[in-house]
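First comes the structure, then the notes that go with it.
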(Lines give C-alpha, C1' and ligand atoms only; values in the text may rest on other atoms or scores of the structure.)
Protein backbone atom coordinates (compact mmCIF):
# COMPACT_ATOMS: atom_id res chain seq x y z
CA UNK A 1 0.00 0.00 0.00
CA UNK A 2 2.91 2.33 0.69
CA UNK A 3 4.24 1.66 -2.79
CA UNK A 4 0.86 2.49 -4.34
CA UNK A 5 0.59 5.66 -2.28
CA UNK A 6 4.09 6.63 -3.37
CA UNK A 7 3.21 6.26 -7.06
CA UNK A 8 -0.02 8.19 -6.63
CA UNK A 9 1.85 11.08 -5.09
CA UNK A 10 4.53 10.93 -7.75
CA UNK A 11 2.02 11.00 -10.61
CA UNK A 12 0.11 13.83 -8.97
CA UNK A 13 3.30 15.84 -8.48
CA UNK A 14 4.32 15.25 -12.09
CA UNK A 15 0.92 16.44 -13.36
CA UNK A 16 1.13 19.60 -11.23
CA UNK A 17 4.70 20.27 -12.37
CA UNK A 18 4.05 19.88 -16.09
CA UNK A 19 0.77 21.81 -15.89
CA UNK A 20 2.55 24.70 -14.19
CA UNK A 21 5.34 24.52 -16.76
CA UNK A 22 2.80 24.57 -19.59
CA UNK A 23 0.99 27.63 -18.20
CA UNK A 24 4.26 29.48 -17.69
CA UNK A 25 5.45 28.54 -21.16
CA UNK A 26 2.25 29.78 -22.78
CA UNK A 27 2.35 32.99 -20.79
CA UNK A 28 5.99 33.62 -21.53
CA UNK A 29 5.57 32.75 -25.18
CA UNK A 30 2.69 35.21 -25.50
CA UNK A 31 4.71 37.99 -23.88
CA UNK A 32 8.12 37.12 -25.36
CA UNK A 33 7.73 39.56 -28.24
CA UNK A 34 7.00 42.40 -25.80
CA UNK A 35 10.03 41.87 -23.56
CA UNK A 36 13.16 43.92 -23.97
CA UNK A 37 16.42 42.25 -24.97
CA UNK A 38 17.59 42.48 -21.36
CA UNK A 39 14.40 40.82 -20.07
CA UNK A 40 14.34 37.91 -22.50
CA UNK A 41 15.56 34.54 -21.35
CA UNK A 42 18.18 32.89 -23.50
CA UNK A 43 19.99 29.55 -23.24
CA UNK A 44 21.88 29.40 -19.97
CA UNK A 45 20.44 32.62 -18.56
CA UNK A 46 18.12 33.04 -15.60
CA UNK A 47 14.71 34.67 -15.31
CA UNK A 48 14.91 38.20 -13.98
CA UNK A 49 12.29 39.56 -11.61
CA UNK A 50 10.98 41.79 -14.42
CA UNK A 51 10.65 38.84 -16.78
CA UNK A 52 8.85 36.76 -14.14
CA UNK A 53 6.43 39.61 -13.44
CA UNK A 54 5.68 40.03 -17.12
CA UNK A 55 5.05 36.30 -17.46
CA UNK A 56 2.59 36.45 -14.57
CA UNK A 57 0.95 39.53 -16.08
CA UNK A 58 0.75 37.68 -19.40
CA UNK A 59 -0.92 34.65 -17.84
CA UNK A 60 -3.43 36.92 -16.09
CA UNK A 61 -4.07 38.74 -19.38
CA UNK A 62 -4.69 35.43 -21.15
CA UNK A 63 -7.08 34.44 -18.37
CA UNK A 64 -8.95 37.74 -18.76
CA UNK A 65 -9.26 37.26 -22.51
CA UNK A 66 -10.44 33.67 -22.08
CA UNK A 67 -13.22 34.90 -19.80
CA UNK A 68 -14.82 36.37 -22.95
CA UNK A 69 -14.86 32.92 -24.55
CA UNK A 70 -17.34 30.16 -23.75
CA UNK A 71 -17.40 26.58 -24.95
CA UNK A 72 -20.12 23.99 -25.39
CA UNK A 73 -18.98 20.73 -26.95
CA UNK A 74 -17.41 21.72 -30.27
CA UNK A 75 -19.09 25.16 -30.22
CA UNK A 76 -17.22 28.36 -29.36
CA UNK A 77 -18.79 31.61 -28.23
CA UNK A 78 -17.26 35.10 -28.08
CA UNK A 79 -19.11 37.30 -25.63
CA UNK A 80 -22.10 34.93 -25.60
CA UNK A 81 -22.96 31.28 -24.98
CA UNK A 82 -22.48 29.44 -28.29
CA UNK A 83 -25.43 28.00 -30.23
CA UNK A 84 -23.39 27.19 -33.36
CA UNK A 85 -19.78 26.33 -34.26
CA UNK A 86 -18.94 30.02 -33.76
CA UNK A 87 -21.34 32.44 -32.08
CA UNK A 88 -20.42 36.10 -31.58
CA UNK A 89 -22.41 38.56 -29.50
CA UNK A 90 -21.97 42.28 -28.76
CA UNK A 91 -23.19 44.43 -25.90
CA UNK A 92 -22.18 47.67 -27.65
CA UNK A 93 -24.13 49.40 -30.48
CA UNK A 94 -21.50 48.71 -33.13
CA UNK A 95 -19.18 45.87 -33.93
CA UNK A 96 -18.62 43.18 -36.48
CA UNK A 97 -16.11 40.94 -38.20
CA UNK A 98 -13.39 42.63 -40.26
CA UNK A 99 -11.47 40.74 -42.96
CA UNK A 100 -8.76 42.65 -44.79
CA UNK A 101 -5.41 42.24 -46.50
CA UNK A 102 -2.46 44.51 -45.69
CA UNK A 103 -0.92 43.83 -49.10
CA UNK A 104 -1.65 46.51 -51.68
CA UNK A 105 -1.25 44.57 -54.93
CA UNK A 106 -2.81 41.17 -54.35
CA UNK A 107 -6.30 39.73 -54.92
CA UNK A 108 -8.59 40.74 -52.08
CA UNK A 109 -9.71 38.27 -49.40
CA UNK A 110 -13.11 36.61 -49.76
CA UNK A 111 -15.62 35.02 -47.45
CA UNK A 112 -16.21 31.58 -48.95
CA UNK A 113 -18.95 29.17 -47.92
CA UNK A 114 -19.03 25.77 -49.65
CA UNK A 115 -22.01 23.47 -49.54
CA UNK A 116 -20.86 19.91 -50.27
CA UNK A 117 -23.11 16.99 -51.09
CA UNK A 118 -22.78 13.63 -52.82
CA UNK A 119 -25.63 14.24 -55.29
CA UNK A 120 -27.20 17.06 -57.31
CA UNK A 121 -30.02 17.85 -54.90
CA UNK A 122 -31.23 21.31 -55.99
CA UNK A 123 -32.50 22.43 -52.57
CA UNK A 124 -31.15 25.83 -51.50
CA UNK A 125 -30.06 24.42 -48.15
CA UNK A 126 -27.42 22.20 -49.80
CA UNK A 127 -25.44 25.05 -51.36
CA UNK A 128 -23.30 27.65 -49.64
CA UNK A 129 -25.49 30.16 -47.86
CA UNK A 130 -25.61 33.62 -46.34
CA UNK A 131 -28.50 34.11 -43.91
CA UNK A 132 -29.47 37.70 -43.09
CA UNK A 133 -32.49 38.56 -40.96
CA UNK A 134 -34.09 41.32 -38.94
CA UNK A 135 -35.48 40.40 -35.51
CA UNK A 136 -38.08 42.63 -33.87
CA UNK A 137 -37.73 41.76 -30.18
CA UNK A 138 -41.01 43.55 -29.34
CA UNK A 139 -43.23 41.48 -31.62
CA UNK A 140 -43.81 40.43 -35.21
CA UNK A 141 -42.01 42.25 -38.01
CA UNK A 142 -44.11 45.18 -39.24
CA UNK A 143 -44.54 46.70 -42.69
CA UNK A 144 -41.56 48.62 -44.05
CA UNK A 145 -38.94 47.15 -41.73
CA UNK A 146 -35.54 46.66 -43.36
CA UNK A 147 -34.70 43.03 -42.69
CA UNK A 148 -31.11 43.10 -43.92
CA UNK A 149 -28.74 45.27 -45.94
CA UNK A 150 -25.62 44.74 -48.05
CA UNK A 151 -23.47 47.87 -48.31
CA UNK A 152 -21.16 49.03 -51.13
CA UNK A 153 -18.54 51.73 -50.79
CA UNK A 154 -14.94 52.90 -51.09
CA UNK A 155 -12.50 55.50 -49.87
CA UNK A 156 -12.66 59.17 -50.86
CA UNK A 157 -10.25 62.14 -50.57
CA UNK A 158 -7.15 60.01 -49.93
CA UNK A 159 -5.96 56.45 -49.45
CA UNK A 160 -6.58 56.09 -45.72
CA UNK A 161 -9.03 53.61 -44.25
CA UNK A 162 -10.73 56.33 -42.22
CA UNK A 163 -12.12 57.72 -45.49
CA UNK A 164 -14.12 54.58 -46.32
CA UNK A 165 -17.75 55.49 -46.91
CA UNK A 166 -20.72 53.63 -48.38
CA UNK A 167 -23.06 55.10 -50.98
CA UNK A 168 -25.06 52.16 -52.41
CA UNK A 169 -26.89 49.21 -50.92
CA UNK A 170 -29.37 46.37 -51.37
CA UNK A 171 -32.01 45.76 -48.73
CA UNK A 172 -34.66 43.21 -47.98
CA UNK A 173 -37.82 44.74 -46.55
CA UNK A 174 -41.19 43.70 -45.18
CA UNK A 175 -44.09 44.44 -47.53
CA UNK A 176 -46.53 44.04 -44.65
CA UNK A 177 -46.74 42.64 -41.13
CA UNK A 178 -45.45 39.09 -40.70
CA UNK A 179 -48.49 37.24 -39.38
CA UNK A 180 -47.31 33.63 -39.71
CA UNK A 181 -44.74 31.40 -41.39
CA UNK A 182 -46.91 31.42 -44.53
CA UNK A 183 -47.62 35.16 -44.40
CA UNK A 184 -44.24 36.94 -44.50
CA UNK A 185 -44.42 39.26 -47.56
CA UNK A 186 -40.82 40.23 -48.37
CA UNK A 187 -39.34 42.35 -51.16
CA UNK A 188 -35.99 43.67 -52.37
CA UNK A 189 -34.91 47.30 -52.79
CA UNK A 190 -31.84 48.59 -54.67
CA UNK A 191 -30.22 51.92 -53.74
CA UNK A 192 -27.60 54.00 -55.56
CA UNK A 193 -26.37 57.55 -55.14
CA UNK A 194 -23.47 59.98 -54.82
CA UNK A 195 -23.43 60.55 -51.05
CA UNK A 196 -21.36 58.28 -48.84
CA UNK A 197 -22.05 57.43 -45.21
CA UNK A 198 -20.01 55.60 -42.57
CA UNK A 199 -21.24 52.24 -41.36
CA UNK A 200 -23.75 52.26 -38.50
CA UNK A 201 -25.28 55.59 -39.56
CA UNK A 202 -28.79 55.40 -38.13
CA UNK A 203 -32.01 56.79 -39.62
CA UNK A 204 -30.47 57.08 -43.09
CA UNK A 205 -30.42 55.16 -46.38
CA UNK A 206 -27.22 54.29 -48.18
CA UNK A 207 -28.23 55.74 -51.55
CA UNK A 208 -31.64 56.56 -53.03
CA UNK A 209 -34.01 53.73 -53.87
CA UNK A 210 -34.06 53.16 -57.64
CA UNK A 211 -35.55 49.68 -58.16
CA UNK A 212 -37.92 47.63 -56.05
CA UNK A 213 -39.18 44.06 -56.43
CA UNK A 214 -42.19 43.58 -54.18
CA UNK A 215 -43.36 40.36 -52.59
CA UNK A 216 -45.74 39.61 -55.47
CA UNK A 217 -42.96 39.87 -58.07
CA UNK A 218 -43.83 43.31 -59.44
CA UNK A 219 -40.81 45.39 -60.46
CA UNK A 220 -40.84 49.13 -59.94
CA UNK A 221 -38.33 51.59 -61.43
CA UNK A 222 -38.71 55.06 -59.99
CA UNK A 223 -41.59 53.93 -57.77
CA UNK A 224 -41.79 52.07 -54.46
CA UNK A 225 -45.32 50.82 -55.21
CA UNK A 226 -45.20 48.89 -58.50
CA UNK A 227 -48.68 48.04 -59.74
CA UNK A 228 -47.77 45.66 -62.58
CA UNK A 229 -45.03 43.23 -63.57
CA UNK A 230 -43.02 46.26 -64.78
CA UNK A 231 -43.92 49.73 -63.55
CA UNK A 232 -41.63 52.56 -64.75
CA UNK A 233 -41.94 56.15 -63.56
CA UNK A 234 -39.82 59.07 -64.75
CA UNK A 235 -39.24 58.39 -68.46
CA UNK A 236 -38.38 61.58 -70.41
CA UNK A 237 -40.95 62.91 -72.90
CA UNK A 238 -40.08 63.57 -76.57
CA UNK A 239 -42.48 63.81 -79.48
CA UNK A 240 -40.38 61.68 -81.81
CA UNK A 241 -37.09 59.86 -82.31
CA UNK A 242 -35.24 62.91 -83.72
CA UNK A 243 -36.19 65.05 -80.75
CA UNK A 244 -35.11 62.31 -78.34
CA UNK A 245 -31.66 62.14 -79.98
CA UNK A 246 -31.41 65.93 -80.00
CA UNK A 247 -32.26 65.85 -76.28
CA UNK A 248 -29.27 63.63 -75.53
CA UNK A 249 -30.74 60.12 -75.65
CA UNK A 250 -28.81 57.41 -77.47
CA UNK A 251 -29.81 54.22 -79.27
CA UNK A 252 -31.66 51.84 -76.95
CA UNK A 253 -32.92 54.49 -74.52
CA UNK A 254 -36.64 54.60 -73.63
CA UNK A 255 -38.84 57.69 -73.74
CA UNK A 256 -42.54 58.64 -73.87
CA UNK A 257 -44.11 60.57 -76.72
CA UNK A 258 -46.51 62.47 -74.45
CA UNK A 259 -49.53 61.87 -76.72
CA UNK A 260 -52.83 60.18 -75.90
CA UNK A 261 -52.26 57.30 -75.79
CA UNK A 262 -48.84 57.99 -74.26
CA UNK A 263 -46.64 55.51 -76.12
CA UNK A 264 -43.33 54.21 -74.78
CA UNK A 265 -40.70 54.36 -77.53
CA UNK A 266 -37.11 53.21 -78.02
CA UNK A 267 -34.47 55.42 -79.60
CA UNK A 268 -33.20 53.91 -82.86
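The values are calculated or read from the model by the stated rules, or taken from the named source; none is laboratory data. No experiment lies behind these values; they were computed from the predicted model shown. Note: ideal-geometry Cβ built from the backbone for every residue, glycine included; neighbour counts use all protein chains shown.
Tabulated values for the structure
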read-out: Search result, residues across the range 175-210 that are outside any loop (DSSP other than H, G, I, E, B) and in contact (Cβ under 8 Å) with a residue 24 or more places away in the chain; value: 186, 187, 188, 189, 192, 197
read-out: Filter result for the condition that a residue is under 23 Å from residue 136 (Cβ atoms), touching a strand residue (DSSP E or B) at 6+ places or on another chain (Cβ under 6 Å) and surrounded by 15 or more Cβ atoms within 10 Å (Cβ to Cβ), over 193, 172; value: 172
read-out: Residue pairs meeting the criteria (Cβ under 6 Å; at least 6 apart or on separate chains; first in the same structural domain as residue 220 (by TED's automatic domain parsing), in the range 233-256; second modelled with pLDDT under 95 and loosely packed, with under 10 Cβ neighbours inside 10 Å); value: none
read-out: Residue 228 being under 30 Å from residue 139 (Cα atoms) and in a loop (DSSP other than H, G, I, E, B); value: no
read-out: Among (1) touching a strand residue (DSSP E or B) at 6+ places or on another chain (Cβ under 7 Å); (2) touching a residue at least 60 places away in the same chain (Cβ under 8 Å) - the single one residue 147 does not satisfy; value: (2)
read-out: Subset tally (residues that are within 20 Å of residue 207 (Cα to Cα) and in a loop (DSSP other than H, G, I, E, B)) for the range 144-174; value: 4
read-out: Test: residue in the range 198-211 that is at pLDDT 95 or above and farther than 30 Å from residue 153 by Cβ; value: no
read-out: Scan of the range 236-252 for residues that are buried (at least 16 other Cβ atoms within 10 Å of the Cβ) and part of a loop (DSSP other than H, G, I, E, B), ordered by number; value: 238, 249
read-out: Residue within the range 122-142 that is closer than 20 Å to residue 201 by Cα, part of a strand (DSSP E or B) and within 18 Å of the chain's Cα centre (by Cα) present; value: no
read-out: Subset of the range 222-231 that is without any contact (Cβ under 8 Å) to a residue 24 or more places away in the chain and in contact with a strand residue (DSSP E or B) (Cβ under 7 Å, 6 or more places away or on another chain) - its residue that is nearest to residue 185 (Cα to Cα); value: 226
read-out: Among the residues listed as 137, 125, the single one being outside the structural domain of residue 226 (by TED's automatic domain parsing), within 29 Å of residue 218 (Cα to Cα) and surrounded by fewer than 15 Cβ atoms within 10 Å (Cβ to Cβ); value: 125
read-out: Test: residue in the range 211-221 that is touching a strand residue (DSSP E or B) at 6+ places or on another chain (Cβ under 8 Å), outside any loop (DSSP other than H, G, I, E, B) and either outside the structural domain of residue 163 (by TED's automatic domain parsing) or at positive phi (or both); value: no
read-out: Residue count for the range 214-234, restricted to those that are closer than 14 Å to residue 146 by Cα and crowded, with 16+ Cβ neighbours inside 10 Å; value: 1
